[in-house]
Each structure stands twice: as C-alpha cells, then as structure tokens.
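Nothing in this text is a laboratory measurement; each read-out follows from the coordinates by a stated rule. Since we're looking at a predicted model, the values are computed, not measured. We place every Cβ from the backbone using ideal geometry, glycine too, and count neighbours over all the protein chains shown.
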Amino acid sequence: MQRNGAGAIAIDGPAAAGKTVVGTRLARKMGYRFLDTGMMYRAATVAALDAGADFDSTDELTRVAEAMDIEARAAADGTTQIVVDGIDITSRLRSHEVDSRVSIVSAIPRVREIMVAAQRKLASHGEIVMVGRDIGTVVLTDADPKIFLTATIETRAKRRYEEMKDRPGQPPLEEVLATMRRRDEIDSSREASPLRPASDAVIVETDEMTVEEVVCKLHDIARGNAS
Ligand code: CDP
C-alpha cells in the first residue's frame with residue numbers, strides 16, 4: 001500500500017474552526033510548509049463561476065476542474081498561493097459567493113481525485129502542515145499527528161462574520177450562520193470523503209481557547225508531549 005504523509009501534520013475540521021490561522025502559525029513555529037487545501041476547491045469554484053458553469057451539472061463542473069491548470073504554492077512564509085492558468089487568484093477565493101457554492105464542487109469525486117493527487121505530490125517531501133476536511137482520513141493517512149479542530153456552529157459563524165464584516169456586500173450574521181450550516185451538512189453527509197475525524201485523530205474543541213492557546217496545544221501534541 002502506498003504511504004502518504006510521513007513527516008506531515010494533518011489538521012481537519014469544519015468551516016471556520018480556525019484551521020488556517022492556527023495551521024499557518026504552527027507551520028511557522030515548526031519551520032514546515034503550509035497548505036490550505038480548501039483553497040484548491042475554492043479555486044475550482046471560482047473557475048466554474050468564471051466559465052458560467054451550471055452548478056446543477058456535475059459534468060460541467062468536472063470539465064472545468066479537468067481543464068484548469070492549478071498550482072498550489074505552499075510558501076515558506078506560511079501562506080498558500082493559488083495560481084490558475086498562470087494567474088494568481090488567491091485574493092478571489094474568500095467571497096461569500098464562493099462560500100455558498102464550494103461544497104457543491106468539492107462533493108464531486110472526480111474533482112477530489114484531481115486535487116488529492118496534487119496535494120499528495122506537495123506532501124511527498126514531508127515537513128508540511130496540511131489543513132482541510134479529509135487530510136487525516138484520505139489524503140495523508142500516515143500523517144502524525146492528526147488533529148481534528150472544532151467548535152460549535154455559533155462560535156464558528158461569529159468568527160467568520162467578524163473576519164469578513166468590513167467587506168462590501170458582506171451578509172448579516174444570520175445569513176453567514178445559515179450558509180455555514182448548509183456547508184457543514186453537505187461536507188459531512190457527502191459520499192466522497194465526508195468530513196469526520198480519523199480514528200487516530202486528536203480532537204481539539206476551540207470554543208473557549210484563544211488562537212495562541214490552540215497553537216501551543218498543537219505544538220505540544222506535534223512534539224509528542226501533550227498532557
Ligand atoms: O475556511 P473554511 O473552513 O471556511 O473553508 P475551507 O477550508 O476553505 O474549505 C472550503 C470547502 O472546500 C469546504 O466547505 C469543503 O466543501 C471543501 N474542502 C474539502 O472538501 N476537502 C478539503 N480537504 C478542504 C476543503
């Protein structure tokens with residue numbers, strides 16, 4: 001059996017659990033590269049929107065993902081850049097429109113196959129923190145440690161709202177909460193790689209924790225001296 005993820009740290013969890021901010025800081029602290037895999041599914045969603053694809057058509061969405069040339073750069077400064085067909089589209093990935101459509105695209109098995117192959121290639125040299133939904137369960141099954149970061153949906157919706165509220169056209173908290181509930185539901189119930197903790201994952205509930213506390217806890221776990 002192929003081994004994937006030796007020397008990697010996997011962080012999974014639902015939307016706005018803090019995976020990106022915590023993962024970036026943990027990677028910096030450990031001198032590892034960082035890859036936010038959600039950005040790759042977001043990029044496929046942006047490409048589908050740009051192509052005017054019908055989001056009810058799996059075939060159309062698959063064709064867009066197959067045709068796009070996607071490069072995820074896991075930079076040494078802890079950021080991820082996404083380049084599609086030679087253009088850096090990183091700044092377009094976090095709109096509410098993308099939030100509300102990305103789970104449709106990421107539920108398609110062929111789209112996942114394309115992204116997972118690219119993710120494994122990036123992890124093949126180890127020393128990487130990779131965050132997503134299926135990193136510990138599917139993408140890097142040999143990652144150690146595997147972390148499942150979570151918080152209640154109310155906490156997570158509030159975090160996402162605070163993060164985006166100064167952007168023009170940002171919807172009210174109730175709508176952010178509703179979009180997130182829908183996304184959690186699709187991500188957890190889909191057939192292809194549903195969101196769930198790996199059997200050997202450490203579950204970290206972050207409701208009552210600051211970012212710094214979570215980073216320290218994960219750093220302890222990664223160094224093998226968790227209490
Ligand atoms: O930042 P946030 O947690 O809100 O979302 P994200 O990590 O950017 O992921 C966006 C979406 O991509 C998720 O809702 C999933 O549908 C999908 N995703 C996935 O299916 N598998 C991954 N490894 C990462 C993201």
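With a ≥ b ≥ c taken as the square roots of the eigenvalues of the C-alpha gyration tensor of region 83-167, please select rounded if a/c is under 1.5 and otherwise prolate if a/b is larger than b/c or oblate if it is not?
Oblate shape, in that a/c is at least 1.5 and b/c is the bigger or equal ratio.
Could you give the length gained on full extension between S124 and H219, defined as 0.36 nm per residue of separation minus the Cα-Cα distance, in nm? Don't jump to the answer; show the numbers that get you there.
Working: separation 95, 0.36 × 95 = 34.20 nm, distance 2.17 nm.
Residue separation times 0.36 nm, minus the Cα-Cα distance, leaves 32.0 nm.
Could you calculate the FRET efficiency of E163 with E205 from 1/(1 + (r/R0)^6), where r is the beta carbon distance between them and R0 is 25 Å, rounded to 0.05?
According to the calculation, E is roughly 0.80.
Report the normalised scattering of the chain as log10 I(q)/I(0) at q = 0.12, 0.13, 0.17 Å⁻¹, calculated by the Debye formula with identical scatterers on the alpha carbons.
Listed by q, the Debye log ratios stand at -0.62, -0.73, -1.31.
Using DSSP, restrict attention to beta bridges with both residues in the chain and report what percent are antiparallel, rounded to the nearest 5.
Beta bridges within the chain, antiparallel portion: roughly 30 percent.
According to the square roots a ≥ b ≥ c of the eigenvalues of the Cα gyration tensor, what is the shape class of region 92-227, taking rounded for a/c under 1.5, prolate for a/b larger than b/c otherwise, and oblate for the remainder?
oblate
As a check on your grasp of the helix formula, calculate [θ] at 222 nm for the chain: sum -39500 (n - 2.57) over DSSP H runs of n ≥ 4, divide by the residue count, round to the nearest 500.
-14000 deg cm²/dmol
Can you tell me the relative contact order of region 8-222? Whole percent, Cα pairs under 8 Å, sequence separation 6 or more.
Numbers: 346 pairs, mean separation 71.7, N = 215.
With pairs under 8 Å counted, the relative contact order is 33 percent.
So which trypsin sites (Lys or Arg not before Pro) in region 145-184 are both in a DSSP loop and have at most 12 other Cβ atoms within 10 Å of their Cβ?
Details: sites: K146, R156, K158, R159, R160, K165, R181, R182, R183; in loops: K165.
Listed in order of number, the matching sites are K165.
Hand me the tally of lysine pairs in the chain: alpha carbons under 24 angstrom apart, and the pair either on different chains or 8 or more positions apart.
For the chain, the number of qualifying lysine pairs is 12.
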